[in-house]
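Just below is one structure, and these are the notes that go with it.
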Amino acid sequence: MRDPKRNPRGLPIGPGHILYPILATIALTGILFGSIGHHLTEDMPERETHPYFPDHIWPYPILAMVLLITLGLLAVFGQPALQLGQAADPRVVAIPRPEWYFLSLFQFVKLGPALVTSILVPAGVVAGLIFWPLIDARLGPRLARRLGWSSWPVPKRNVFTGTIWMAGLGIIGLLTLWAALVPQLCIPWFTNGPVCGG
């Protein structure tokens, strides 16, 4: 009796096989970029092209090594933060603390009125992140005209946008480090009195 699932032509991987889309993709990619297909660099002048080896190969091992070294350092120095705390005991009064990725927001809430620091500012930051491309496209050219520039700089060379992003990341990093590493550090603050890290 003949097996109904077996390909009648005797091919091991046919159109009904689970690996068929993967093999078809590999074959079509080889045809597209191989000697039969059209090369993407044929339309470009020779001075604008770069050889694949070594120009496009060498950054990847360096980036992989930087990532591995960073993960290793995080594993060594972040070990105390990953240790389990004491078991839950209903008789002990404990101040709950959020996970590390919310520590900056946890610390920021202490710095002002609760409505502003816990609801309005985080909602404004999220809305700003969502609508940033529209804000940059609208306000950027206007600011460039006021400064007398010929055009608004492209994103990777924009001093204003880069400064805003780096300042925001710096504030988040400082608040996180303050809450995680030096919780006993208290600074005088004008709204709520002294604010401590932990």
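The values are calculated or read from the model by the stated rules, or taken from the named source; none is laboratory data. All values reported here derive from a predicted model rather than from experimental measurement. In this analysis, Cβ positions are derived from the backbone assuming ideal geometry, glycine residues included, and neighbour counts consider all displayed protein chains. Note: accessible area is taken over every heavy atom of the protein model, side chains too, but ligands, DNA and RNA are not part of it. Shrake-Rupley method; radii C 1.70, N 1.55, O 1.52, S 1.80 Å.
Structure data summary
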{"item": "Sequence-separation-based contact order of segment 151-198, relative, with Cα cut under 8 Å and 6+ spacing, percent", "result": "24 percent"}
{"item": "Simple spin-label estimate for R145 and D55 in nanometres, 7 Å along Cα-Cβ", "result": "3.9 nm"}
{"item": "Where W165, W152 fall by accessible area, highest first, once all protein chains stay in place (1.4 Å)", "result": "W165, W152"}
{"item": "Phi to ³J(HN,Hα) by Karplus 6.51 cos²θ - 1.76 cosθ + 1.60 over segment 64-76, Hz, x for Gly, Pro", "result": "5, 5, 4, 5, 5, 5, 4, 5, x, 5, 5, 5, 6"}
{"item": "Amide hydrogen neighbours beyond the local backbone of V195, cut-off 5 Å, H modeled", "result": "I187, W189"}
{"item": "Projected label distance in nm at W189 and T163, using a 7 Å step from Cα toward the beta-carbon", "result": "2.7 nm"}
{"item": "Extension gain from V93 to I62, taking 0.36 nm per residue of separation minus the Cα-Cα distance", "result": "6.3 nm"}
{"item": "Cα-based convex hull volume of segment 98-174 per residue, rounded to whole Å³", "result": "118 Å³"}
{"item": "Segment 123-133 - phi-based ³J(HN,Hα) in whole Hz, Karplus 6.51/-1.76/1.60, Gly and Pro as x", "result": "5, x, 5, 5, 5, x, 5, 5, 9, 4, x"}
{"item": "Listed peptides 121-131, 167-177 by packing density, highest first (mean Cβ within 10 Å)", "result": "167-177, 121-131"}
{"item": "With DNA, RNA and ligands ignored, accessible area of L63 (1.4 Å probe; Å², nearest 10)", "result": "110 Å²"}
{"item": "Cα-based convex hull volume of segment 46-198 per residue, rounded to whole Å³", "result": "206 Å³"}
{"item": "Computed lengthening from L129 to C196, 0.36 nm per intervening residue step minus Cα-Cα distance", "result": "21.2 nm"}
{"item": "Which of F106, F190 is most accessible, then next, and so on - probe 1.4 Å", "result": "F190, F106"}
